[in-house]
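Chemist: The structure is given below, and queries will be raised subsequently.
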Amino acid sequence: MLKVFVIVKEETPQDQQYWQEIFTDVWEGPVEISVKAGYLKTQDADLIIIDLSKWDNNAIETLQKFSSNITGKHCLIVSNKRDIDIALEAVKLGAIGFLVKPFKRADLIASLDRLHTVKFINNNQQETKKKSRIIPLISYKGGTGVSTITVNLGYALAKIYKKKVLIIDACLFANHISFLLNVVPKCSLADILKEGKNIDEQYITTGTATHTQNLGVISGLTKTKSICIDENSIENLKYMIEIASSTYDYILIDTSARVLDEVTIFFLQYASYILLITSFDLLALKDSTFYIAALTELGINNSMIKPIINRYDLPTGNLESDLFKKHIDIPIFHNLFNAWETCVKSVNDCIPIIENSPNSKLAISFKSLAEKIISLDLDTPIQSSEQKPKGLLGWIKDIKITTT
């Protein structure tokens with residue numbers, strides 16, 4: 001018998017009838033439904049459902065209130081509105097699903113399937129199998145140079161140090177990576193999501209090749225394609241990462257500023273470490289501090305976050321470096337020299353800085369950054385994706401990515 005305990009704000013006969021009918025339609029076998037306006041830690045249940053529909057603006061606080069009592073138990077979060085903040089709280093809670101009323105029968109069945117597959121694993125356990133290093137480059141503040149740094153770091157690793165590098169443009173429709181490398185996209189995220197498990201190592205290597213040896217690019221979504229990011233899409237991305245990990249030494253992810261969407265969170269789950277791009281100004285300090293706190297709440301250890309200061313010697317609007325380092329509270333991993341004219345010329349020519357201005361201070365700075373990446377402990381075990389909360393990635397259904 002499946003024992004289900006539903007937490008609601010106010011217990012009514014209608015709630016009992018609603019959930020009884022829902023489970024009668026999706027579960028074969030006996031089901032025992034209990035609906036209560038509260039929860040005891042000792043409550044015996046196979047599944048706990050927190051129905052936030054009537055909590056309105058207090059939904060997140062309510063979820064946090066119950067979190068300590070249901071940690072390590074199978075729980076399903078239900079809301080009457082699509083709220084990314086609630087979904088993120090569900091991720092931290094380790095729930096098996098997040099559903100928005102009125103949800104589809106298939107969505108509930110997909111969540112219930114996880115009752116048989118999700119295991120609660122000690123977060124300190126690690127997988128020792130060696131894979132490629134997966135490195136998302138992120139920034140909460142726009143204009144910090146994430147795409148430019150991704151391209152030039154990838155180029156330095158591939159060209160100077162002969163490492164096999166794959167750059168994935170996860171900035172949706174921007175496709176800055178292809179532009180900065182002056183390549184026509186052969187393989188995009190839309191292609192990956194469409195092909196699913198039909199892709200193989202040859203598909204990745206031939207479909208992502210560029211004019212630079214050892215460097216491949218998967219472009220972002222194109223404006224002519226509308227894509228649905230759902231559980232199947234995420235599974236396809238996971239399959240692609242598994243194949244690419246056995247082929248490349250480094251996989252660099254160019255992410256969008258101010259966004260923690262399901263694709264970005266997916267890549268953060270698989271990160272070996274994270275390069276946080278920022279600059280020495282007050283807004284960057286504020287945004288970086290906020291972003292680090294958000295990542296920590298998602299379960300990412302601070303030791304994985306490597307801050308990089310771009311344009312660190314910009315003469316105007318800068319904070320003192322000691323003040324910046326004190327407030328960000330994470331050791332600065334690298335400083336990139338400010339060379340505006342060199343950078344603009346490189347962008348206009350669509351040629352990486354190391355190739356376009358090989359003797360410039362900025363080119364030398366990128367070579368130094370690549371050396372630091374390589375010198376990081378390559379024997380550090382990579383966390384298994386199964387250790388991370390799985391919820392948001394497979395739950396938020398029918399999110400259409402379209403252009404106007």
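Chemist: I351 - would you say it is under 30 Å from the mean Cα position of the chain (by Cα), surrounded by 12 or more Cβ atoms within 10 Å (Cβ to Cβ) and either at pLDDT below 80 or assigned to a loop (DSSP other than H, G, I, E, B) (or both)?
Modeler: yes
Chemist: Here's a follow-up. Could you please find all residues in the stretch 358-390 being among the polar types (S, T, N, Q) and either open to solvent by 70 Å² or more (accessible area, probe 1.4 Å) or at pLDDT 85 or above (or both)?
Modeler: Answer for the stretch 358-390, where residues must be among the polar types (S, T, N, Q) and either open to solvent by 70 Å² or more (accessible area, probe 1.4 Å) or at pLDDT 85 or above (or both): N359, S360, S365, S368, S375.
Chemist: Scan the stretch 187-214 and report the pairs whose first residue is farther than 15 Å from I168 by Cα and without any contact (Cβ under 8 Å) to a residue 24 or more places away in the chain and whose second residue is among the aliphatic types (A, V, I, L, M) and part of a helix (DSSP H, G or I), with Cβ atoms within less than 7 Å and a gap of 6+ or a chain change.
Modeler: Matching pairs, first to second residue: none at all.
Chemist: For E21, indicate whether it is part of a loop (DSSP other than H, G, I, E, B) and of a type in the set (D, E).
Modeler: The answer is no for E21.
Chemist: Could you tell me whether the stretch 94-114 includes any residue that is modelled with pLDDT under 75, within 22 Å of W55 (Cα to Cα) and surrounded by 12 or more Cβ atoms within 10 Å (Cβ to Cβ)?
Modeler: Yes, the conditions are met somewhere in the stretch 94-114.
Chemist: Just to check your reading of the model, which residue among G317, G299 is at pLDDT below 80 and either under 30 Å from I86 (Cβ atoms) or touching a Lys or Arg at 6+ places or on another chain (Cβ under 9 Å) (or both)?
Modeler: Answer to the selection: G299.
Chemist: Here's a follow-up. Across the stretch 154-177, what is the total count of residues that are open to solvent by less than 20 Å² (accessible area, probe 1.4 Å), under 22 Å from I265 (Cα atoms) and part of a helix (DSSP H, G or I)?
Modeler: Of the residues in that region, 2 qualify.
The values are calculated or read from the model by the stated rules, or taken from the named source; none is laboratory data. Keep in mind the model is a prediction, meaning the values are calculated, not measured. In this analysis, Cβ positions are derived from the backbone assuming ideal geometry, glycine residues included, and neighbour counts consider all displayed protein chains. Just so you know, the surface numbers come from the protein's heavy atoms only, side chains and all, with ligands and any DNA or RNA stripped out. Shrake-Rupley method; radii C 1.70, N 1.55, O 1.52, S 1.80 Å.
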